[in-house]
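The values are calculated or read from the model by the stated rules, or taken from the named source; none is laboratory data. Please read all numbers here as calculations on a predicted model, not as lab measurements. Quick reminder, even Gly has a Cβ in these numbers, built from the backbone with ideal geometry, and neighbours come from all protein chains shown.
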Amino acid sequence: MPLNPHPPSDIDYRLAFDLAPVGLVVSRHRTMVDCNQAVCEMFGASPDELVGQSFQILYPSMDEFERFGERIAPILNTKGHYADERVMKRVGGRWAGQTFWCHVTGRALDRNDPHAAGIWSFEDLSPKRSVKAELTGREREVAALVMKGLTAKEIGKALSISPRTVEIYRARLMRKYQASSSLDLVQRLLTGDPS
């Protein structure tokens, strides 16, 4: 139920959507059908370059796009909404191809068909946290969950990999970020400092 079932008639919802301080996207079957100015600025693309495109163009790799889609669907089906922090990729402009940390929140319009239609918000976290080390797709996924404080067992369950495999990825992250402990790794990931 809407917060105010009878909003003032002078509110321009299109303008509010376009000028919202966070990136907003309306999607159907993981394809962008509308987006606002903040998303265009964040990803370095015009509305014409994003609308009609699969969300895949915003991911560093096809594997990550597919794995996130598989992980998101059951959560959207159960809860109706989803949120995480992940590494995304800029599409155009002078930063084309650059990866950055992004907070993503979404809501399915139909929980029984979670990818059918949704509303997604994107917040660029790069002013607070940069991606400095070269990471593989799986390393990025493990890094995001390490920052949430999850154990190897919890990360393994979330990513459908064994805890031992998680430990291998965590060890790689510790080497790349020259971290002396798990806590040091989290701090370096949060600050984007690989050394």
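Output the residue which, of all residues in segment 20-54 that are among the aliphatic types (A, V, I, L, M) and assigned to a loop (DSSP other than H, G, I, E, B), is farthest from Gly97 (Cα to Cα).
The extreme case among them is Ala20.
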query: If Asp113 satisfies every condition in (1) surrounded by fewer than 19 Cβ atoms within 10 Å (Cβ to Cβ); (2) modelled with pLDDT of 90 or more; (3) not in a loop (DSSP other than H, G, I, E, B) but one, which is the exception?
result: (3)
- line: Checking Leu190, Leu183 in turn, the sole residue that is over 20 Å from the mean Cα position of the chain (by Cα) and under 25 Å from Leu125 (Cα atoms) turns out to be Leu183
message: under 25 Å from Val33 (Cβ atoms) and not in a strand (DSSP E or B): is that true of Gly97 in this structure?
response: yes
- prompt: Within segment 9-19, can one find any residue that is surrounded by 13 or more Cβ atoms within 10 Å (Cβ to Cβ), of a type outside the set (A, V, I, L, M, F, W, C), in a strand (DSSP E or B) and out of contact with any strand residue (DSSP E or B) (no Cβ under 7 Å at 6 or more places or on another chain)?
  reply: no
- prompt: Does segment 86-145 hold any residues that are over 17 Å from the mean Cα position of the chain (by Cα), hydrophobic (A, V, I, L, M, F, W, C) and within 26 Å of Gln187 (Cα to Cα), and which are they?
  reply: Trp95, Ala133
- prompt: How do the helices (runs of 4 or more DSSP H) wholly within segment 117-195 filter down when requiring 1 or more residues that are touching a residue at least 60 places away in the same chain (Cβ under 8 Å), among the small types (Gly, Ala, Ser) and touching a helix residue (DSSP H, G or I) at 6+ places or on another chain (Cβ under 9 Å): which remain?
  reply: 137-147, 152-159
message: Here is a check on your reading of the model: is Ala108 in the same structural domain as Thr31 (by TED's automatic domain parsing), among the hydrophobic types (A, V, I, L, M, F, W, C), touching a Gly at 6+ places or on another chain (Cβ under 8 Å) and within 18 Å of Thr78 (Cβ to Cβ)?
response: yes
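Conditions (1) surrounded by 13 or more Cβ atoms within 10 Å (Cβ to Cβ); (2) not aliphatic (A, V, I, L, M), marked per residue:
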| position | (1), (2) |
| --- | --- |
| Ser27 | yes, yes |
| Ser54 | yes, yes |
| Leu58 | yes, no |
| Met62 | no, no |
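To keep it simple, each residue is scored yes or no on (1) within 23 Å of Leu24 (Cβ to Cβ); (2) assigned by TED's automatic domain parsing to the domain that holds Ala20; (3) of a type in the set (S, T, N, Q); (4) in contact with a Phe, Trp or Tyr (Cβ under 9 Å, 6 or more places away or on another chain).
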| position | (1), (2), (3), (4) |
| --- | --- |
| Gly93 | yes, yes, no, yes |
| Asp124 | yes, yes, no, yes |
| Gly137 | no, no, no, yes |
| Thr151 | no, no, yes, no |
